[in-house]
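Report on the structure given below.
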Amino acid sequence: MKITRSPLPRNSLAGDFLPSDYVETYCVIVQEHSRLTPDNILIGFWTDFPGWVRALFRLRDCLAGPFGLKAAGSAESSVQKFGEVIRSGGRMYFMSVPAKTADETVLQLTDKHLTAELSVRNEKSDDGRLKISITTLVHYHNAFGRIYFFFVRPFHKIIVKALIRRSIRRLMNQPEGGAVFPPA
């Protein structure tokens with residue numbers, strides 16, 4: 001599964017959050033699958049971390065916590081509640097869903113130092129393929145937000161690609177009718 005950097009999709013809800021200090025979009029093209037909805041992909045992205053990502057988030061929480069940055073692992077600890085928030089467009093901890101359509105969901109993470117949006121957008125083609133675009137936008141609120149993201153940015157690119165790949169693979173391998181992301 002090849003994930004490539006791409007421009008922000010035209011008519012994406014993520015465009016409503018511009019201008020931003022950082023914008024990055026990746027896309028992947030896969031066979032269309034009924035489970036590959038923006039909501040399911042986001043739920044998998046935030047609730048099914050491999051061990052090495054959990055370790056990086058724990059390190060981040062230890063290093064950034066004293067500066068007032070909120071803990072990262074909150075969604076993973078409550079898969080069912082997080083799924084309800086994504087599907088209904090609600091709020092949980094420091095996360096909310098400010099925009100959503102049938103083909104796109106935008107998750108917003110708000111902290112005192114920065115705000116970030118993560119958009120997942122699906123575009124179906126006539127040949128049965130699905131283009132999935134994942135866009136990250138970051139807005140700095142102060143110098144600490146800028147410094148924090150400077151150090152996080154190299155890891156961010158690696159983690160986003162890995163979590164999207166993991167979420168899509170898991171969804172495509174789930175049997176029809178089974179739970180999308182059961183607790184681990």
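Within the stretch 124-135, can you find the residues that are within 18 Å of K2 (Cβ to Cβ), at pLDDT below 95 and charged (D, E, K, R)?
Listed by number, the residues that qualify are D127, R129.
Within the stretch 7-42, which residues are in a helix (DSSP H, G or I) and in contact with a strand residue (DSSP E or B) (Cβ under 6 Å, 6 or more places away or on another chain)?
Initially, the stretch 7-42 is screened for residues in a helix (DSSP H, G or I), giving 13-17, 38-42.
L13, A14, F17, P38, D39, I41, L42, listed by residue number.
Just a yes or no: is a residue in the stretch 82-98 exposed (fewer than 14 other Cβ atoms within 10 Å of the Cβ), aliphatic (A, V, I, L, M) and within 29 Å of R10 (Cβ to Cβ)?
No, the conditions are met nowhere in the stretch 82-98.
Conditions tested, residue by residue: (1) in contact with a Ser or Thr (Cβ under 8 Å, 6 or more places away or on another chain); (2) within 20 Å of M172 (Cβ to Cβ); (3) without any contact (Cβ under 8 Å) to a residue 12 or more places away in the chain; (4) among the basic types (K, R).
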residue: G90; (1), (2), (3), (4): yes, no, yes, no
residue: T110; (1), (2), (3), (4): yes, no, no, no
residue: S119; (1), (2), (3), (4): yes, no, no, no
residue: N122; (1), (2), (3), (4): yes, yes, no, no
residue: L130; (1), (2), (3), (4): no, yes, no, no
residue: T135; (1), (2), (3), (4): yes, no, no, no
residue: H139; (1), (2), (3), (4): yes, no, no, no
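In the stretch 141-155, which residues are under 18 Å from the mean Cα position of the chain (by Cα) and either among the hydrophobic types (A, V, I, L, M, F, W, C) or surrounded by 16 or more Cβ atoms within 10 Å (Cβ to Cβ) (or both)? Walk me through it before giving the result.
Here is the first cut: in the stretch 141-155, the ones under 18 Å from the mean Cα position of the chain (by Cα) are 149, 152-155.
Answer for the stretch 141-155, where residues must be under 18 Å from the mean Cα position of the chain (by Cα) and either among the hydrophobic types (A, V, I, L, M, F, W, C) or surrounded by 16 or more Cβ atoms within 10 Å (Cβ to Cβ) (or both): F149, V152, F155.
Of the numbered conditions (1) within 30 Å of F144 (Cβ to Cβ); (2) modelled with pLDDT of 75 or more; (3) part of a helix (DSSP H, G or I), R54 fails exactly one; give the number of that condition.
Of the numbered conditions (1) within 30 Å of F144 (Cβ to Cβ); (2) modelled with pLDDT of 75 or more; (3) part of a helix (DSSP H, G or I), the odd one out for R54 is (2).
Any idea which residue in the stretch 99-112 is surrounded by the fewest Cβ atoms within 10 Å (Cβ to Cβ), counting only those that are part of a strand (DSSP E or B) and charged (D, E, K, R)?
Filtering the stretch 99-112 for residues part of a strand (DSSP E or B) gives 99-100, 104-110.
Then drop every residue that is not charged (D, E, K, R), which leaves 100, 104.
On the way: K100: 19, E104: 21.
For the stretch 99-112, the residue satisfying everything is K100.
The values are calculated or read from the model by the stated rules, or taken from the named source; none is laboratory data. Quantities reported herein were computed from a predicted structural model and do not represent experimental measurements. Please note: Cβ atoms are built from the backbone with ideal geometry, for glycine as well, and neighbour counts cover all protein chains shown.
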